[in-house]
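**Q** Have a look at this one before I ask anything.
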Amino acid sequence: MFGSPAKVGMATRILVAILAAATVALALPALASASYGWPIKPFGHEHPVRGQLNDPRMNGSDFYASSSHTFHVGLDIAAPDGTAVYAVAPGWVHYLSSSAIAIRETNDVTTFAYWHIRPVAKRGKKVKLHALLGYIEPGYGHVHFAEKRNDIYINPLRRGALTPYVDTTPPTISSVSYYDGNYHDLTNATLSGAVKLTVSAFDTPQMASNWPWAVVTPTWIGWRLYDSTGNKILSGHWDLGTTLCPLNPLEVFSPGTIKNSFINNTSGVGSYDYWLGSQWDTTRVANGSYRLLTTVRDIRGNETLKSVSFIVANGLAPVTPVAPAS
């Protein structure tokens, strides 16, 4: 009735292959619908990015001198003032302010926001894909574009979302330091007592813009601390690329952090300094040599590593020089 075992086995393999192909075919439309083009023309071409999700933002250039400390909630896409801004997906128009529009998709889950524009789309109306929403306001030179899903900001540059986006250049690690009220180079340093380890790092978007200070935060910062025998005694990471960081920005950014700025017609490149975890009490480990491995990555997984060796020396009596024999 069922045929030979060989035929049954062949039929089973064919059925499994058909089911697998059907599963892939069903998944393709969902994947395709998740991606979208750029909010300025040409929609199918990449445009310069001069701001990233989770960049430091505050009411001043110096992070710690400001009274406000927040994370950037989207992308700043560079374009000349007056550039037309279009909907990356259909949905219903909501006004966030006199210079910002949100388009909520009909699935009632995803919202796209467009800031620093002079809106022309009508409040409460439904717009189609690529409908004209407004024009970039004078003095801004960019549209702030954000994506929110289930009331959580997510990174539009993640794979399968805003497309096309290409980045093959790795981030830069400027320095690795320890902080005891001041910064000191960690390389070959001698530590004692309680300190905080820090890294200064940034990512340069591959596509240059007319903004000379267009650097952004790396999207992943990790650290591992090893003793002289190679045992890992400390590790951690900051994930700044997937969703809006839920932490207090002061837990992530260390003193010296400066946002990208344009003040008094003078452009300034941001400086991004990160704590590598909380305060570290070196008296809880043995004296000796240690190695800190710091890793930073961008949204496309390009990676830069830096290894720094240093010494811990607590409670050692000072050595008195011995006079040479006469």
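The values are calculated or read from the model by the stated rules, or taken from the named source; none is laboratory data. Just so we're clear, the structure is a prediction, and the values are computed from it rather than from any experiment. No Cβ is skipped: glycine too gets one built from the backbone with ideal geometry, and neighbour counts run over all protein chains shown. With ligands, DNA and RNA removed, areas are computed over all heavy atoms of the protein, side chains included. Shrake-Rupley method; radii C 1.70, N 1.55, O 1.52, S 1.80 Å.
**Q** Take the stretch 180-196 and flag every residue that is in contact with a Phe, Trp or Tyr (Cβ under 8 Å, 6 or more places away or on another chain) and either more than 13 Å from Val312 (Cα to Cα) or among the basic types (Lys, Arg) (or both).
**A** If the condition is that a residue be in contact with a Phe, Trp or Tyr (Cβ under 8 Å, 6 or more places away or on another chain) and either more than 13 Å from Val312 (Cα to Cα) or among the basic types (Lys, Arg) (or both), then His184, Lys196 are the ones that fit.
**Q** Within the stretch 39-67, how many residues turn out to be closer than 17 Å to Asn260 by Cβ, open to solvent by 40 Å² or more (accessible area, probe 1.4 Å) and assigned to a loop (DSSP other than H, G, I, E, B)?
**A** Adding up the residues that qualify gives 4.
**Q** Being open to solvent by 20 Å² or more (accessible area, probe 1.4 Å), assigned to a strand (DSSP E or B) and of a type in the set (Gly, Ala, Ser) is the requirement here; does Ser309 meet it?
**A** Yes, satisfied.
**Q** Here is a further query. May I ask you to list pairs of residues, at least six apart or on different chains, whose Cβ atoms are under 6 Å apart, with the first in the stretch 35-54 being in contact (Cβ under 8 Å) with a residue 60 or more places away in the chain and the second being acidic (Asp, Glu)?
**A** Arg50/Asp76; Gly51/Asp76
**Q** Further question on the same structure: Mind checking which residues of the stretch 115-135 are closer than 13 Å to Thr83 by Cα, out of contact with any Gly (no Cβ under 6 Å at 6 or more places or on another chain) and either open to solvent by less than 10 Å² (accessible area, probe 1.4 Å) or β-branched (Val, Ile, Thr) (or both)?
**A** Hits for the stretch 115-135 are Leu133, Gly134.
**Q** To continue, here is another question. Quickly run through the stretch 148-167 and pick out the residues that are under 18 Å from Gly51 (Cα atoms) and open to solvent by 50 Å² or more (accessible area, probe 1.4 Å).
**A** Across the stretch 148-167, the qualifying residues are Lys148, Tyr153, Arg158, Arg159, Thr163, Val166.
**Q** Please count how many residues of the stretch 39-92 are among the basic types (Lys, Arg) and under 17 Å from Thr217 (Cα atoms).
**A** Going through the stretch 39-92, the residues among the basic types (Lys, Arg) turn out to be 41, 50, 57.
If we keep only those that are under 17 Å from Thr217 (Cα atoms) as well, we get 50, 57.
Selection size over the stretch 39-92: 2.
**Q** With the condition being basic (Lys, Arg) and open to solvent by less than 50 Å² (accessible area, probe 1.4 Å), I'd like the strands (runs of 3 or more DSSP E) fully within the stretch 168-225 carrying at least 2 qualifying residues.
**A** none
**Q** Would you point out which residue out of Asp281, Asp298 is acidic (Asp, Glu), on the phi < 0 side of the Ramachandran plot and crowded, with 21+ Cβ neighbours inside 10 Å?
**A** Just one listed residue meets the conditions, Asp298.
**Q** Could you count how many residues in the stretch 68-84 are touching a residue at least 12 places away in the same chain (Cβ under 8 Å) and either among the aromatic types (Phe, Trp, Tyr) or more than 18 Å from Tyr165 (Cα to Cα) (or both)?
**A** Qualifying residue count for the region: 10.
**Q** Within the bounds of the stretch 55-67, is there any residue that is in contact (Cβ under 8 Å) with a residue 24 or more places away in the chain and in contact with an Asp or Glu (Cβ under 9 Å, 6 or more places away or on another chain)?
**A** yes
**Q** Under the condition of being hydroxyl-bearing (Ser, Thr, Tyr), within 17 Å of Asp55 (Cα to Cα) and modelled with pLDDT of 95 or more, which residue from the stretch 226-271 is surrounded by the most Cβ atoms within 10 Å (Cβ to Cβ)?
**A** Ser254
**Q** So Arg104 clears everything in (1) at positive phi; (2) open to solvent by 50 Å² or more (accessible area, probe 1.4 Å); (3) free of Cβ contacts under 8 Å to residues at least 24 places away in the same chain except one condition, right? Which one?
**A** (1)
**Q** Moving to a separate point now. From the set of residues in the stretch 72-92 that are open to solvent by 10 Å² or more (accessible area, probe 1.4 Å), under 16 Å from His142 (Cα atoms) and not hydrophobic (A, V, I, L, M, F, W, C), which is farthest from the chain's Cα centre (by Cα)?
**A** Per the stated criteria, the residue is Gly82.
**Q** Please verify whether Leu133 is among the aliphatic types (A, V, I, L, M), in a loop (DSSP other than H, G, I, E, B) and in contact with a Pro (Cβ under 9 Å, 6 or more places away or on another chain), treating the condition exactly as stated.
**A** No; evaluated as a whole, the condition is false for this residue.
**Q** What is the number of the single condition among (1) assigned to a loop (DSSP other than H, G, I, E, B); (2) modelled with pLDDT of 95 or more; (3) open to solvent by 20 Å² or more (accessible area, probe 1.4 Å) that Tyr95 does not meet?
**A** (1)
**Q** If I go through the stretch 38-56 residue by residue, how many of them are of a type in the set (Lys, Arg) and more than 20 Å from the chain's Cα centre (by Cα)?
**A** 1
**Q** What single numbered condition from (1) assigned to a loop (DSSP other than H, G, I, E, B); (2) at pLDDT below 90; (3) among the hydrophobic types (A, V, I, L, M, F, W, C) fails to hold for Val73?
**A** (2)
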